[in-house]
Structures are given as structure tokens and as C-alpha cells.
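Take a look at the structure below.
The values are calculated or read from the model by the stated rules, or taken from the named source; none is laboratory data. Predicted model, so just to flag it, every value in this text is computed and none were measured. Every residue, glycine as well, gets a Cβ built from its backbone with ideal geometry; the counts of neighbours run over all protein chains shown. With ligands, DNA and RNA removed, areas are computed over all heavy atoms of the protein, side chains included. Shrake-Rupley method; radii C 1.70, N 1.55, O 1.52, S 1.80 Å.
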Amino acid sequence: MRRNHGTTPRTPRVLGALLPLAAAGALTLGTAPTAEAAAPVPLDRVVPAPASVTPGGTPYRITRATGVRVDGPAEVRRIGAYLAGLLRPATGYPLPVTDRGTGGIRLRLAGGGFGAEGYRLTSGAGGVTLTASTPAGLFHGVQTLRQLLPAAVEKSTVQPGPWRIAGGTVQDRPRYAYRGAMLDVARHFFTVAQVKRYIDHLALYKFNELHLHLSDDQGWRIAVDSWPRLTTYGGSTQVGGGRGGFYTKADYREIVRYAAARYLEVVPEIDMPGHTNAALASYAQLNCDGVAPPLYTGTQVGFSSLCVPRQVTYDFVDDVIRELAALTPGRYLHIGGDEAHSTSHADYVAFMDRVQPVVARYGKTVIGWHQLTGARPARGALAQYWGLDGTSAAEKAQVAQAARNGTGLILSPADRVYLDMKYTSATRLGTKWAGLVEVRRSYDWDPGAYLPGVPASAIRGVEAPLWSETLTTTADIEYMAFPRLAGAAELGWSPPATHSWTAYRARLAAQAPRWDALGIRYYRSPQVPWPAR
């Protein structure tokens, strides 16, 4: 089975708010660094671990005279403005964004084999240069630059500095093209502002996919004009009977826009044919007996199903997918497909045979939970594996066969990267149906060799889901996500050669002051040598 089963911290300034561009002017070089401060952050202290680090040379010091120099189209200037917006509050420096002058912090697009998201960062006494083939690569390089500065740079008030960046070169690119995190807004609803805050945390660690679980038995969270009761009635509650909520189309577009500005693609999920009680309660005709069940606020799974034989089911699915696809510029649309215990196998296969072409008709690629491999996955579809180490050999073999036949896999093993699993038996939040998942267990596995019989080429990436049965606040989200979210990011980004628990736990510990500065409430695992507060 997948999921049977305080007080929000002060909100710091919005990370990377895209501030109005500073008036262009002459750029003055930063002054040479001094020896008055402790050594700058080493180039290899970054999470996720970079592909290659070559330290050496004199650090660069950001001063009041430093500017952000942009070479390239408007998108590069926007990233420069984002970087300046990150640095201004804590440094107190103007950091003008300009296309003139020399030195300072330079962002440039160029060839050179960086790939779709890779970058090179070079630092020396005269300045720092970020080079990439794409704006996404530059943006990821900015996150590395950010981590190479003292953690106090994340604060919203002026800090004493100094602001030095170690000398040398970082060459970096991701292991996997798909590096995702999922937020369940169906069991408990989270506002646009709360989702944006999570997006900012994901951006810091180079995630590029935000999977939103928008519907389930307990709530329907996205407006569908052709079926309005889905939200007005089906979205009116949540686990435990709270008031629920939903996103208007304008709300959803704002989440998509905000994510895209941080180079995350939104992957919306409408779970079906099971996990559909909110829809069944909203419209009686979606039930085989024509009777709407009551709204559901519990946490059991597997009891609901759309009526597979009825044509109205496919009219409903077509309308929902059409409207959601029109709102979503990204490539993917997730159709769920797990825990359909109330649907016969024959009906499940028939349902998937009819629904997958609908997704394609509206220009999207299907993602489904790995139970999709028990049907007939569409060409190009991705299956998201959430099984455990103890999942049956037959089920793993089914997934492996689909992978050998061309179905790509996203790995989300529940006893590794489900962020809602309790850390220990004493953890107040979360569930433990998949076991207790401490920080080392969450990190210490290799996606490329995890499933027997699956070719490494079939692995498209890693995703860390966060189910919300027990989570109601931003503080809850962050306590369960951190520090495990950083490990999932590293599994998706960093090359296997960098994978070492001993080295990682030291780099992870060094993230703690940054999380403190950002107001993130996190679990201080005894497995990690955290610095004293």
C-alpha cells in the first residue's frame, strides 16, 4: 500500500523575488579580498555535490562596488536580477544589473557542452563568471554561487559579511533529467503562498519538477469550469474535516508562473480511477449505482472507483484533462492509477487504454504510478515506482519488463524518499506504513542500480513525494522535508562517483546555518554532525 495510514515559522523574504531591474550604469569592480575573515566556503561544500571541483587561486570578495554583469538575452538579465535580489538584503549593497563593464559577477551563455542544465563557475580575485548553454544552467549555477557565500546571505536584514567566494572552478551537470518533488495538496490544502515557499526551497537544491497531487478521496483542489461542483463541494473539506480549499485557474497559473521562473516544471496529477471519492461525492452520475457517496475525511485507501463502463466517465475525464492541459505548459500530466482496489483488473486495463490517448490528444505525456505497468503503458509514458525493498518479486519483475519494453521510470521508493515517513518512532508527524526512514536510509541508495532487471537507461530520475495526511502547516512540511529533501536532490543531480554518506553528512551539516537563516524548521538527526547553535 502507498499511504494508509504548530506554528508556521516566520516567513523570510520571498527567495529570489524577481525584483525590478536596477537602472543600468557604469560597473565598478569589487575590491581585492582581505584576510580579515575566516576562510570562504570550500567549492566542494555544495549540495547537491558538483560533478567536478578544482579549487585554487584567490577568492573573490563582493563589495559595495560589485555589479552583476549579464551577457545575453532578456532571460539572462532576469536571472541576473534574481541573483541581485537574493544578495541585496543581507549585503546591503546596490549590486546593479548591467551589460557594461568588466569583472564583478558575470552571467553568460555560450557553447561548450554544458547540456540542458549544466554550468561552469569560475572564481578569482577579479570576479566570478557563470557560463552555461541555457538559462536553466545559469540559474542552477546561481544556486551554487549562493551556497558558496556565508549562510547569513539568506537573511532579510543587513549582515556584517565579508562576502567571499572561494577561488577555483566548478564544472557541473545533472545525472538525471527528471529531479522531482511532490506535494500532496489534496489530503490537506496548502495555499499558493505556501506552495511558492516550497518552490523556493526546491530551487535552492536544483530540482526541476514540481508534482502537485491535486485530487484524492478527501478533496479536489483545481477548478474545472465544466464540472464546478468538483471544487465547490468536493474541495470543501480535507482530512479531519477541516474547511479544505482549492486553486482557481488564476491561482494555478500563478503557481506555474512562479515555478517556471525558477526553472521548475509543474506536473499536475488527477488520480484515477481510484482515489476519486471527492469527485464521486460531487457528481452522482460518476457512480455505477448513480448514488453519490458522502464526502470523506479519513485516511483509508482503495475504496473508491470511477465507473469504468459508463460513457459519462470518459466525458468527465476528457473535460478535466482538456482544461488542466490548457493551464499547464509543461510536458507531463499524471493520471495516478495506484491502489485501485475497487476496480477489477480488466476494468483497470480498459480504463487506462481509454484515458492515456486522451492525455496524448491534449499534447501531454502520461505519468502514472507504477501500477500502470500492469496495464498497457502508452508509448513514451513514464511509470513512477513507489514500492519498497519488500515489494514482491513479481511486482518488481512487472515493472522491470515494462522498463525493458521502453517505459521510462521515475524512482520514488516509499521506504527511501517518501518524505512523510517518520524518521523514528518518536517523530510526532508522519506515518510509518513503509517503515522508519532516517536520513542515512533516505540518502544511501543508488537509483541506477535499485531495481533488479531494469536497465540504467530506463531511469529518468528521482522524485521525493510528501503526502499530507498528518501535515497542516508550513512548519510541518519543512520538518518532514528537511533534511531528506537535500538527499533526494543529490541522488537526482550528482554523479555516482560523488556518492558517499561520510562526505555527504558533513556537507549536509553545513547546510544547517542556511536553513536557520531561512527560517526552515528541520529535523536535527543524530546521524548528522550538526554545528552547535
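Among the trypsin sites (Lys or Arg not before Pro) found in segment 179-266, those both in a DSSP coil and sparsely packed, with 14 or fewer other Cβ atoms within 10 Å of their Cβ, are 243. Scanning residues 5 or more positions from residue 65 or on other chains, those with amide H under 5 Å from its amide H are 31, with H placed 1.01 Å from N in the peptide plane.
When a/c is below 1.5 the answer is rounded, else prolate if a/b is larger than b/c, else oblate, so apply that to segment 268-317 with a ≥ b ≥ c taken from the square roots of the Cα gyration tensor eigenvalues. Walk me through the intermediate numbers first.
Details: a/c = 1.85, a/b = 1.28, b/c = 1.44.
Note, shape of segment 268-317 comes out oblate.
Extension gain for residue 243 to residue 45 (0.36 nm times residue separation, less C-alpha to C-alpha distance): 66.9 nm. Quick check: net charge around residue 332, other residues with Cβ under 9 Å of its Cβ, Lys/Arg +1 and Asp/Glu -1? Charge balance near residue 332 sits at 0. Note on segment 424-439 and segment 312-352: Cα centroid distance 31 Å, given to the nearest whole angstrom. Ligands, DNA and RNA aside, residue 305 has an accessible area near 30 Å² when probed at 1.4 Å. For the cross-link pairs 364/396; 364/422; 196/422, the ones whose C-alpha atoms lie over 32 Å apart are 364/422. With r as the distance between the Cβ atoms of residue 457 and residue 394 and R0 = 22 Å, compute the FRET efficiency 1/(1 + (r/R0)^6) and round to 0.05. Here the calculated transfer efficiency is 0.40.
If we count every other residue with Cβ under 12 angstrom of residue 94's Cβ, Lys/Arg +1 and Asp/Glu -1, where does the sum land?
On the way: positive: 64, 88; negative: none.
Once all neighbours under 12 Å are counted, the net charge is +2.
Using the Cβ-Cβ distance between residue 426 and residue 500 with R0 = 41 Å, the FRET efficiency computed as 1/(1 + (r/R0)^6) comes to roughly 0.90. Looking at the chain, the accessible area is 34 square angstrom per residue; that uses a 1.4 Å probe and ignores ligands, DNA and RNA. Whenever you get a sec, compute what percent of the accessible area on segment 395-453 sits on carbon and sulfur atoms (1.4 Å probe). With neighbouring chains kept in place, the figure for segment 395-453 is 47 percent. Of all DSSP bridge pairs formed entirely within the chain, close to 30 percent run antiparallel.
Rounded to the nearest 0.05, what FRET efficiency is calculated for residue 436 and residue 158 with R0 set to 60 Å and r the Cβ-Cβ distance?
Values: r = 43 Å, r/R0 = 0.71.
According to the calculation, E is roughly 0.90.
What relative contact order, as a whole-number percentage, does segment 213-356 give when Cα pairs under 8 Å and 6 or more residues apart are counted?
On the way: 258 pairs, mean separation 40.7, N = 144.
RCO, segment 213-356: 28 percent.
Counting only Cβ charges, +1 for Lys and Arg and -1 for Asp and Glu, the dipole size of the chain around its Cα centre is about 1700 debye. Charge dipole (Cα centre; +1 on Lys/Arg Cβ, -1 on Asp/Glu Cβ; no other charges) of segment 134-248 amounts to roughly 300 debye. Exposure check, 1.4 Å probe, all protein chains in place: residue 239 carries approximately 20 Å² of accessible surface.
Be a star and scan segment 150-172 for residues whose amide nitrogen sits under 18 Å from the point 7 Å along the Cα-to-Cβ vector of residue 38. Backbone N within reach: 150-155, 159-167. Label zone of residue 54 (point 7 Å out along Cα→Cβ, amide N under 13 Å): in segment 117-148 this covers 120-123.
Taking Cα Rg over 2.2 N^0.38 Å as calculated from this structure, the corresponding entry among (1) 1.03; (2) 1.27; (3) 0.99 is (3).
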